[in-house]
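These notes are about the structure you will find just below.
Derivation of every value follows stated rules applied to the coordinates shown; laboratory data play no part. What you see is a predicted model; the values in this text were computed from it and never measured. Methodologically, a virtual Cβ is constructed for each residue, glycine included, from the backbone with ideal geometry; neighbour enumeration extends over all protein chains shown.
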Amino acid sequence: MPTDDRHDDARIEHQLRSAVPPADAAWAAVRERFAARAARDGLVDVSFEDHETPLGRIRLSATATGVVYVALPIEDADAVVERLAARISTRILRSGTPVLTEARRELDEYFDGRREAFEVPLDWTLSTAFRREVLRATARIPFGTTSSYREVATRAGSPKAVRAAGTALANNPLPLLVPCHRVLRTDGALGQYRGGTAAKAQLLELERAI
Amino acid sequence: MSEVDPDTDGVPRRRRRPPLPPFETVVERHGPALLRFCVSRLGPDRGEESFQETLLAALRHYDELRDPDAVGGWLFAIAHRKIVDTARNRERTPTPSDALEEHAAVWHDPEPTGTIWSRVAELPPKQREAVGLRYLADLPHADVARAMGISEEAARRNVFEGLRRLRRALDP
C-alpha cells in the first residue's frame, strides 16, 4: 500500500540520518590541516584569524604582502570577509600565516604597554591615492600624542582637504596598526572612530594621551 | 558586476555573474559533510586525504564556478571522481597493507556499532553512492545527480531503489 511504503521510507530515512555522527573537534583539526596545506600550495590570497584584545575580539586579515584589514569588535566580522572576497579575492580562508602571527604578537605587546610602534608589514591595496597619503601621515603620529584632521590633511599634501582627510580616516582599513585613533577634531573633541568613540577613548587612555 | 561580451554579430551582450561567496563559507557549509562522505567511503586516512584533495581542487578552480548555488553538487562531483579514482588505483596496484585493509569497494560505517550503514554498504554501487550522497552528505537530489554525473531522474531512482532494498534487508 502506498501510504505504508511512504511511512516505511520515512522511517528508513530517519534511521539513516540519525546514524550520522555530528561534526566535532576532529573536524576543527582536519579543517586546520586543510587550510595549512592550501596556504603551502599558494592557493590562498587572503587569510584571516580572530584575536582577543582589551577592546574585544578583532579579526585580522592578511595577504602575502601584509595585513590588509583590521575588523574591530563593533563590526560584523563575517560581512568583512564577504567584502574582502568581493574586493580582493574569493580565495579567502581562516588560516594562520607568519604575518598574522606577527601582527597578533605585536598587538599583544602594544596592549601590554611594551610596544609603541608596529613593524608588521601592511598591504595598502584597499586605500588608493589621497587616502593612502592620509593614512601614511597618520602612521607617523607618535604613540601617546595626538594630531588633528587639519594637520593630517596638511601632512598628506592637501591642507584644504580636511573633510576628505576625515573620510579617509573613517574608512581606515587598518585601525590600531595605523593609529587613526590619535586624530582628534581641531577643537579638541574626540571626533569619529569606526570602532566607536568608547574604543577611541579607551585607546587614548591606554596611551595616556588624554 | 557586469561584463560586456560581444557575440558573433558584434552586438554587445551583458552577462551578469552572481558573486561567489568567500571560499571559507564553502568550507564551513559543506566541509563536515564532505569529510564524513570521504571517510565513510575510504576510511580515516585516505578519507581525509581525498577530502583535502577535493577541497584543494575546488579552491584551485573556484573562479570557474558559474552558479554559486550549485557549489554543493560541484564539490561532491569532484569528491566522487577522486574517490572513484582512488578506489580504482587501489584495485590495480595492491600492496601488502591493502591486503590487510578491506577491499576498496567497502563502505566504512560512520557509526561504529551501527547496522543501517553497513546494510548500505551491501547495496549495488549506484544505489550505495546515491544513498550516501543523499543522507550522509545531506544533498538535495539535484546535487546528488550532479555529483554522480547522472540525470536528476536517475538520481531519484537510485535513492528510491536503495531505500527499497534497505527496507527489505531490515524487515525481511
Residue-normalised 222 nm signal for the protein assembly as shown, counting each DSSP H run of n ≥ 4 as -39,500 (n - 2.57), nearest 500 deg cm²/dmol, is -16500 deg cm²/dmol
Expected max-MSF residue from A:Pro173, A:Pro121, A:Pro142 in the GNM of chain A (alpha carbon, under 10 Å) is A:Pro142
Taking every residue of A:89-95, the Cβ atoms of other protein chains inside 10 Å of its Cβ average out to 6
Taking Cα atoms only, helix A:2-18 is inclined relative to the longest principal axis of chain A by an angle, in degrees rounded to 10, of 50 degrees
Helix A:129-139: inclination vs chain A longest Cα principal axis, degrees, rounded to 10, gives 80 degrees
Mean per-residue count of partner chain Cβ within 10 Å for A:7-19 equals 6
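Averaged over its residues, how many other protein chain Cβ atoms are within 10 Å of peptide A:45-54's Cβ atoms?
Working: counts 1, 3, 1, 2, 0, 0, 0, 0, 0, 0.
Other-chain Cβ atoms within 10 Å of each residue's Cβ, averaged: 1.
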Inter-part gap, Cα centre of segment A:126-187 to Cα centre of segment A:44-91, in whole angstrom, is 21 Å
Of segment A:69-109, those with amide N under 20 Å from the point 7 Å along the Cα→Cβ vector of A:Leu190 are A:71-76
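State, as an integer percentage, the relative contact order of segment A:169-210 based on alpha-carbon contacts under 8 Å between residues 6 or more apart. Display every interim value, and only then the final one.
Values: 25 pairs, mean separation 12.6, N = 42.
Relative CO of segment A:169-210 lands at 30 percent.
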Dividing the mean separation of Cα pairs under 8 Å (6+ apart) by the residue count of chain A yields a relative contact order in percent of 17 percent
Measuring from the longest principal axis of the C-alpha atoms of chain A, the long axis of helix A:98-111 (C-alpha) lies at a number of degrees, nearest 10, equal to 60 degrees
Using alpha carbon centers only, segment A:105-123 is separated from segment A:191-207 by a whole-angstrom value of 17 Å
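List the chymotrypsin sites (Phe, Trp or Tyr not before Pro) within segment A:140-210 that fall in a DSSP loop (any state other than H, G, I, E or B) and whose Cβ has at most 16 other Cβ atoms within 10 Å.
In loop regions of segment A:140-210 (DSSP not H, G, I, E or B), the sparsely surrounded chymotrypsin sites (Phe, Trp or Tyr not before Pro) are A:Phe143.
Show me the ranking of peptides A:53-61, A:174-182, A:108-116, B:36-44 by mean Cβ neighbours inside 10 Å, starting with the highest. Don't skip to the end; give the middle numbers.
On the way: A:53-61: 18.3, A:174-182: 24.8, A:108-116: 13.2, B:36-44: 22.3.
With the highest mean Cβ count within 10 Å placed first, the list reads A:174-182, B:36-44, A:53-61, A:108-116.
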